1. Restricting to the stretch 3-49, and then to whatever is among the polar types (S, T, N, Q) and touching a Phe, Trp or Tyr at 6+ places or on another chain (Cβ under 9 Å), can you tell me which residue is surrounded by the fewest Cβ atoms within 10 Å (Cβ to Cβ)?
2. Could you tell me which of the residues Gly217, Gly206, Gly193 is touching a helix residue (DSSP H, G or I) at 6+ places or on another chain (Cβ under 7 Å), farther than 22 Å from Leu35 by Cβ and in contact (Cβ under 8 Å) with a residue 12 or more places away in the chain?
3. Give just the number: which of (1) part of a helix (DSSP H, G or I); (2) over 17 Å from the mean Cα position of the chain (by Cα); (3) surrounded by fewer than 23 Cβ atoms within 10 Å (Cβ to Cβ); (4) touching a residue at least 40 places away in the same chain (Cβ under 8 Å) does Ala87 not satisfy?
4. Quick check on the stretch 163-178. Is at least one of its residues farther than 27 Å from Arg93 by Cα and surrounded by 20 or more Cβ atoms within 10 Å (Cβ to Cβ)?
5. Just wondering, is there one or more residues in the stretch 51-65 that are of a type in the set (A, V, I, L, M), farther than 30 Å from Leu265 by Cβ, over 16 Å from the mean Cα position of the chain (by Cα) and part of a helix (DSSP H, G or I)?
6. Filter the stretch 90-111 for residues that are of a type outside the set (A, V, I, L, M), under 17 Å from Lys38 (Cα atoms), surrounded by fewer than 23 Cβ atoms within 10 Å (Cβ to Cβ) and under 15 Å from the mean Cα position of the chain (by Cα) and give the result.
Amino acid sequence: MKKDALSIGTTLNYDIPLKTQLPMIKTAGFTHISLGGKLEHSGYLNITGQMNLKEITQDSELKICSIHAPFKDVDVSSPENSISLNALDLLKRCIDSALFLGAKTIIFHPVSISRVDSIEDRKEILLKQIYSLLEYIGKKDIQLAIENLPSELINDLVFFSLDKIDNPKYGLCYDSSHDNLLSNPLAILGKYGNRLFTTHISDNRGEKDDHILPFEGTFKWDEFTKVFHKIGFKGIFLLEVEMRRSAFQEPQEFLNEAFKRAQILLKQSNKV
């Protein structure tokens, strides 16, 4: 794990503009941010947004570690050719943006959130799409991280791609909140920890994808730290937490608490 580096997603509250978010994130102690998939918040796909991001990250002395590709109505494994090609084009634009902004990781979903049908039909399509993206990346310093979702059906697609594609630039983004809604939490991390590129660390209360702070919900953090210790993760520890259902509703207090709890998790992981 990269020493003294901690990141948080700009998903914490989309009602707070980035220009306001970033100084608070820096004050809390974070060194990096991950751009959320809501394009209207950051504008990372257009040149105006990119130039603005360059300026405000430099002003706040924060770096961008990763970019979350848009996922609403973006279906990279769709059996409908026009839909999957549009998603492929969008992901290539995300790669271009990441290169411009100095981000190293693109996080993406294997399906649109609203589409969970035809998983078997999607498997070969997804492989073809990922191979196209890896070819597009070539020797550039970018990696692709597919994210586990709160659906065992969809995760079958995630696991299939990881099993089939043995490429050092293709790996996993582990989302603990998503995992906590499944029947066997941490099995994913245990099996694919050697492919872990980045994390979406957060909690929930076992019913909804709340993305609250660690220790606010029911996720088994003691077990997590044991598994995480064994992995020997070399990347940047990233929280993807949101204020909407957290007990902490003042932004700076929320961020300070997020940083404190991330440090607790890392300390416990190093102790095991």
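Computed from the coordinates by the stated procedures, all read-outs in this text should not be read as laboratory data. Computed from a predicted structure; not experimentally measured. Virtual Cβ from ideal backbone geometry, glycine too; neighbours counted across all protein chains shown.
1. Only one residue fits best here, namely Asn13.
2. Numbers: Gly217 fails: touching a helix residue (DSSP H, G or I) at 6+ places or on another chain (Cβ under 7 Å); Gly206 fails: touching a helix residue (DSSP H, G or I) at 6+ places or on another chain (Cβ under 7 Å).
Answer to the selection: Gly193.
3. (3)
4. So the first thing to find is which residues in the stretch 163-178 are farther than 27 Å from Arg93 by Cα, and the list is 176-177.
Now drop any that are not surrounded by 20 or more Cβ atoms within 10 Å (Cβ to Cβ), which leaves 176-177.
Yes, the conditions are met somewhere in the stretch 163-178.
5. Here is the first cut: in the stretch 51-65, the ones of a type in the set (A, V, I, L, M) are 51, 53, 56, 62, 64.
From what's left, farther than 30 Å from Leu265 by Cβ: 51.
So of that shortlist, the ones also over 16 Å from the mean Cα position of the chain (by Cα) come out as 51.
Next, from what is left, pick out any that are part of a helix (DSSP H, G or I): 51.
Yes, the stretch 51-65 has at least one match.
6. none
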